[in-house]
Amino acid sequence: MKKCTHCGGSNLRKTAVPFDAEGFSVRTYVDKKTVYDSLEVLICMDCAHIEWFSEKLVDALKEHNSRIAQLKTELETLRAKLTAEQEKLSAIDIKIAETEEKSKSLDITIREQQSLLNTIETLKKERYGIQKEIRTAERSIRSLQSKLNNN
């Protein structure tokens, strides 16, 4: 229900556009498209305040705001994923360093050393996959930030 912004009353009546104009419309640019709508002019029967309404314009702006909110949510999700992947990368780097240190010990057998070297190779492959995920997340974040900046 539409209400008067001046007095809060709901006793609004549709009236002709003032200034002896026939049709009065609004045009705006939302999300790279032009939105046209005729303005609905209502007069408050309680305080004589004139109200202008454009429902298509409001709907276009609400849709735009919804897309912006969705992009921000996606951006926060990607940032959280990026942080988690960076933490995984740090943990793997520590494991690799520890395993390399163990493999250099003179107190281990050749079999133990080979096992440690295989573990290092597996960790390095896992590290490469994590680095790939980090680069993908960073690209996605830049893309979403660009979309947000253009809106």
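Condition test on I141, is it over 23 Å from E87 (Cα atoms) and surrounded by 14 or more Cβ atoms within 10 Å (Cβ to Cβ)?
Against the criterion (over 23 Å from E87 (Cα atoms) and surrounded by 14 or more Cβ atoms within 10 Å (Cβ to Cβ)), I141 does not qualify.
So how many residues does region 72-100 have that are within 17 Å of T122 (Cβ to Cβ) and without any contact (Cβ under 8 Å) to a residue 24 or more places away in the chain?
Within region 72-100, residues that are within 17 Å of T122 (Cβ to Cβ) and without any contact (Cβ under 8 Å) to a residue 24 or more places away in the chain number 5.
Restricting to region 104-123, name every residue that is closer than 22 Å to D93 by Cα and among the basic types (K, R).
K104 - this is the single residue of region 104-123 that is closer than 22 Å to D93 by Cα and among the basic types (K, R).
For region 95-138, which residues satisfy the criterion of being farther than 27 Å from E85 by Cα, basic (K, R) and in a helix (DSSP H, G or I)?
R111, the sole residue that qualifies.
Restricting attention to region 35-68, which residues are at pLDDT below 85, under 12 Å from T15 (Cβ atoms) and not in a strand (DSSP E or B)?
L39
This table checks each residue for (1) exposed (fewer than 15 other Cβ atoms within 10 Å of the Cβ); (2) closer than 30 Å to K3 by Cα.
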site	(1), (2)
I43	no, yes
C47	yes, yes
A60	no, yes
R67	yes, yes
K88	no, no
I92	no, no
D107	yes, no
E112	yes, no
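Suppose we keep only residues that are under 36 Å from the mean Cα position of the chain (by Cα) and surrounded by fewer than 13 Cβ atoms within 10 Å (Cβ to Cβ) within region 6-30. Which one would you say is modelled with the highest pLDDT?
Going through the qualifying residues, I end up with G8.
In region 94-105, which residues are of a type in the set (K, R) and surrounded by 13 or more Cβ atoms within 10 Å (Cβ to Cβ)?
If the condition is that a residue be of a type in the set (K, R) and surrounded by 13 or more Cβ atoms within 10 Å (Cβ to Cβ), then K95, K102 are the ones that fit.
The values are calculated or read from the model by the stated rules, or taken from the named source; none is laboratory data. Computed from a predicted model, the values in this text were never measured in an experiment. Please note: Cβ atoms are built from the backbone with ideal geometry, for glycine as well, and neighbour counts cover all protein chains shown.
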